[in-house]
Structures are given as structure tokens and as C-alpha cells.
Amino acid sequence: MSYQVAIVGGGLAGKALALALADISIGSIIFEREKEFYSNDNRVFALSNGSLRILDHLHLLAEIEADSYPIEKIHISYAKKFGSSLIHASEENVDILGRSMSVKKLNELLNEKIAISELIDIRYGDVELIKDQKEGESYQLKYHGFGHDFQFDPVLIIACDGLNSSVRKTLGIKVIEEDYQQIASIFNVSARKEVQFTAFERFARDSAIAMIPNGKNHYTAVWVMNAKGFDQDKFKDSQYLQSAFNQSFGKRLGLLKVKDNTSFFPLKRSISELSHKKNALMVGSSAIHLHPIAGQGYNLILRDIAVVAELLGNQVKKNNLNLKQFLNDYDQWRHEDHRKVSMFTHGLGKLSSRSLPFVKEFFGIGLFFFDTLSEGKNILSKHTMGLTGRMPKAMIR
Ligand SMILES: Cc1cc2nc3c(=O)[nH]c(=O)nc-3n(C[C@H](O)[C@H](O)[C@H](O)COP(=O)(O)OP(=O)(O)OC[C@H]3O[C@@H](n4cnc5c(N)ncnc54)[C@H](O)[C@@H]3O)c2cc1C
């Protein structure tokens with residue numbers, strides 16, 4: 001098989017990208033360092049309506065529907081403040097806002113599809129980016145596997161190697177970083193009250209909780225807390241956990257039962273100054289990594305992937321791969337969506353930290369008016385569903 005594209009990193013971004021490329025008849029090879037990267041991952045992702053369209057285009061929707069839970073409403077509120085806001089699918093003229101799916105299951109599904117694709121090869125082991133020795137004009141890859149080094153010389157290298165991308169470091173591309181000084185913890189929560197198909201975003205003075213529904217009265221909660229004074233061990237005490245969580249979330253769903261099998265993520269925003277250099281492009285957390293409170297990271301990545309496939313697909317149809325043009329077109333197309341989503345999630349991230357005291361004072365009342373202003377809500381819901389700006393064809397219905 002000739003690999004036109006080499007993908008460094010077989011995480012959720014790298015695998016979905018390989019499937020999108022196979023869909024336009026482009027063969028790729030994925031290099032993945034860790035076979036069991038997501039085996040201890042207990043997160044549940046909120047996949048937006050826009051993402052489901054992309055996954056449908058990749059023939060993954062039937063399996064996703066069978067293993068996920070629909071989200072029809074998002075309830076947003078601020079602790080101890082008057083007012084709240086409800087985004088409802090029916091008001092947005094869509095059947096659902098999105099679906100929640102376990103990261104482990106999504107990863108398994110991508111693995112199954114890759115295993116049966118004749119256009120995708122996957123190698124486990126470490127890979128290193130090296131400069132073309134003769135010309136210095138492009139990059140190649142050195143793969144360390146089975147006790148030997150193999151060199152690969154693909155037309156295009158796409159780095160999907162995560163937040164601490166070694167490809168980005170070798171390319172010498174800087175990142176703009178902001179440490180939120182916050183920790184996100186993931187918990188399984190069950191509620192007494194049954195409020196079906198509804199996600200909750202609850203902000204408080206220095207914390208926030210996103211509750212993603214994954215069953216009738218079951219949720220996966222992302223609890224964002226201040227890193228200062230954070231003590232992981234406290235959460236092993238189930239009584240403490242139970243009462244602290246209920247206090248933070250409030251009484252909207254009755255008394256909540258919280259399980260303590262959690263994982264912790266220090267939070268930061270990281271945005272690469274450049275998306276590409278020579279024949280290497282960055283997609284996924286290597287290019288942009290966001291605050292998780294609005295669950296936008298992977299949704300944004302799926303739109304990037306759909307655009308990569310559409311632009312490359314257009315060139316394949318013309319039998320003319322102009323790499324420079326592809327990379328520039330990609331940059332131009334994706335810049336605005338990256339900017340808007342990163343601003344939007346950054347704002348919500350700040351709202352859950354100790355900053356922005358003035359905004360917080362008015363947040364509750366702001367939500368109240370916001371709920372009556374369909375225009376403002378419409379903008380927020382369109383962002384949440386990923387249905388703004390120039391959309392790739394895979395998302396248009
Ligand atoms: C708490 C939390 C909750 C979230 N919730 C949501 C949500 O609800 N919805 C949403 O859309 N997004 C969400 N996100 C964002 C989402 O997690 C990321 O956008 C997404 O996982 C990024 O995937 P990735 O493949 O780019 O990176 P990663 O998942 O980090 O994968 C990188 C892969 O590259 C491999 N790798 C690295 N270096 C090398 C190398 N040199 N050679 C070979 N392989 C290498 C790694 O082993 C790994 O498999 C959340 C994030 C967090 C932290």
C-alpha cells in the first residue's frame with residue numbers, strides 16, 4: 001500500500017481522520033505509541049448535532065446511536081442567582097442537540113472500522129519527525145519498531161499527537177498557553193428525579209459542573225474546581241464527596257448519589273501559533289486544546305477533519321495534489337471557527353474560576369434575560385451544536 005498521508009498519534013482525532021481520508025480513497029498509516037491509551041478513560045463526550053452529521057457521513061452513526069444517549073435540552077444556571085436558561089432542540093429546529101457517548105466505546109468503534117479498512121494501516125510504537133536530509137524541504141518520519149528503525153517519506157504528515165505534541169516541538173511551532181489553575185474531575189452521578197435527555201451546566205463562584213446524561217437518571221459529571229488547595233484524597237471519603245458535590249450542584253435534581261471512581265485533569269488552553277509547516281499539519285489537541293466545560297474540543301476537531309477531507313478530496317478529484325494550496329486553504333477556512341470556539345469556551349472557563357467577579361454578579365439575571373432573547377440563545381445553541389460559519393459539506397443537510 002502506498003501511504004500518501006502519515007498520521008502521528010492514533011487517538012480519537014487520528015483515527016477519525018484516517019477514516020475520513022479512507023472515505024475519499026486516500027490511504028494512510030497511523031503511528032500510535034500506546035495501544036491502550038483510552039483503557040482507563042471514564043469520560044463521556046457530548047457529541048454535537050454537527051458532529052453526528054460528520055460521523056454519519058463516515059458511516060458511523062448507526063453504531064453510535066445504538067451506544068449513546070440523546071441530549072435534547074441544556075439547562076444553564078448560576079448558583080444562588082436568579083434566572084437560568086434552557087436551550088431546547090425543538091426551538092432550534094433540530095431533533096436533538098447531540099448525543100453523549102463513552103470515550104472508551106467511541107474508541108472501540110473507531111478501532112473496529114479501522115481494522116476492516118483496506119486503506120488504513122496502524123503501527124504501534126514511537127515515531128519521530130526528522131528533516132529531509134538532502135533538501136531540508138520536507139519532513140519524514142522515523143519509526144522505532146521491532147528493534148529496527150524504519151523511515152517513511154509521506155506526501156503529508158498530520159500530527160494528531162495530543163496536547164504535548166512532540167511533532168509540534170520538532171517543528172519549532174510555539175503555543176499560546178493559559179493555565180486555568182483548575183482541575184476537572186469526572187464522576188458518575190445518579191439522580192432521584194428523572195429529567196430525561198437534559199444536560200446541565202451549573203456555574204458557581206469558583207467552580208462549575210457539567211452533567212452529561214447517559215441514561216434515564218444517570219449522568220457523567222465534569223466537576224471543575226480551583227487547583228489551589230485542591231486535595232485529591234478528600235474525594236476518597238464518599239460522605240465528603242456526596243455532600244460537597246450536592247452543595248455545588250444544588251437541589252434541582254434532588255439528592256444526587258456520586259460514585260468515587262474518578263480521574264483528574266489539570267486544565268489549560270493551548271493554541272498553536274501555526275497550523276502547519278512544510279509538509280506537516282497539526283490537527284486535534286496538538287493544534288488546539290480547550291477548557292472542557294462546554295464539551296467543545298472533539299467537536300471542533302471533527303469539523304477540522306471534515307474540512308481536511310473535503311479539501312483533499314477536491315484535489316484528488318482533479319488528480320492534482322497541491323500541498324501548499326491545501327494547507328493555506330485549510331488555514332483560512334478553519335481560523336474563524338477556532339477563534340470563536342476558543343473565545344466562547346475560554347469565557348465559560350473564566351466564569352468557573354475566581355476571575356470576572358463583576359460578570360458573575362450579573363450572570364444570573366443575564367441568563368434570565370438571555371432566555372427571553374431568542375437571538376442571543378440562538379447564537380449560543382448554534383455554537384454548541386457546531387452549526388455556525390462556513391460548514392464542510394459533510395455537515396450540510
Ligand atoms: C475532562 C475533559 C472532558 C472533555 N469532554 C469533551 C466533550 O464532552 N466533548 C468534546 O468534544 N470534547 C471533550 N474534551 C476534549 C477532548 O478530550 C479532546 O479534544 C480530544 O480527546 C483530543 O483528541 P486527540 O486525539 O487530539 O488527543 P489525545 O486524546 O491526547 O491523543 C493523542 C494520541 O497520540 C499518541 N501519541 C503522542 N505522541 C506520539 C508519538 N510520538 N508517536 C506515536 N503516538 C503518539 C498518544 O498515545 C495518543 O493516543 C474533553 C477533555 C477533557 C480534558
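The values are calculated or read from the model by the stated rules, or taken from the named source; none is laboratory data. The structure displayed is predicted, hence computed values, not measured ones. Here Cβ is always computed from backbone atoms with ideal geometry, including for glycine, and neighbour counts include all displayed protein chains. The area values use the complete protein model at the heavy-atom level, side chains included, leaving out ligands, DNA and RNA. Shrake-Rupley method; radii C 1.70, N 1.55, O 1.52, S 1.80 Å.
Miscellaneous remarks
- Accessible area of segment 166-210 belonging to carbon and sulfur atoms, whole % at 1.4 Å probe: 46
- Within segment 308-356, the trypsin sites (Lys or Arg not before Pro) that combine a DSSP coil assignment with at most 14 other C-beta atoms in a 10 angstrom radius are LYS318, ARG354.
- Dipole magnitude of the chain about its Cα centre (Cβ charges: Lys, Arg +1; Asp, Glu -1), debye to nearest 20: 1140
- Tensor-based shape of segment 27-99 (alpha-carbon gyration tensor, a/c under 1.5 rounded, otherwise prolate or oblate): oblate
- Positive-pole candidate from LEU47, ILE87, ILE158, dipole of the chain, charges at beta carbon: ILE87
- Taking every protein chain into account, the accessible area of the chain amounts to 47 square angstrom per residue (probe 1.4 Å).
- Excluding same-chain neighbours fewer than eight residues apart, the lysines reachable from LYS169 by a Cα-Cα span under 21 Å are LYS131, LYS142, LYS268, LYS277, LYS278.
- Percent of Cα-Cα distances greater than 41 Å, calculated over the chain: 15
- Kyte-Doolittle mean at least 0.0 and Cα axial length at least 15 Å: DSSP H helices in the chain: 12-23, 297-317, 357-372
- Considering only beta bridges that DSSP places wholly inside segment 55-204, some 75 percent are antiparallel.
- Shape category assigned to segment 86-139 from the gyration tensor of Cα positions, a/c cut at 1.5: prolate
- Expressed as a whole percent, the accessible area of segment 221-334 that falls on carbon and sulfur atoms is 48 (1.4 Å probe).
- Using a cutoff of 8 angstrom between alpha carbon atoms and counting only pairs six or more residues apart, the relative contact order for segment 124-232 works out to 18 percent.
- Options ASN314, HIS291, HIS335, ranked by Cα towards positive dipole end of segment 281-354, top entry (Cβ charges): HIS291
- Here the contact order of segment 266-341, divided by its residue count and restricted to Cα pairs under 8 Å and six or more residues apart, works out to 27 percent.
- Most to least packed among 203-215, 242-254 [average Cβ atoms within 10 Å]: 203-215, 242-254
- Estimated 222 nm signal from helices in the chain, with DSSP H stretches of n ≥ 4 weighted -39500 (n - 2.57), rounded to 500: -11000 deg cm²/dmol
- Modelled FRET efficiency - R0 41 Å, LYS324 with TYR124, Cβ distances, 0.05 increments: 0.80
- DSSP finds beta bridges in the chain, and of those with both partners inside it, around 75 percent are antiparallel.
- Those trypsin sites (Lys or Arg not before Pro) in segment 130-172 that DSSP places in a loop and that have at most 13 other beta carbons within 10 Å: LYS134
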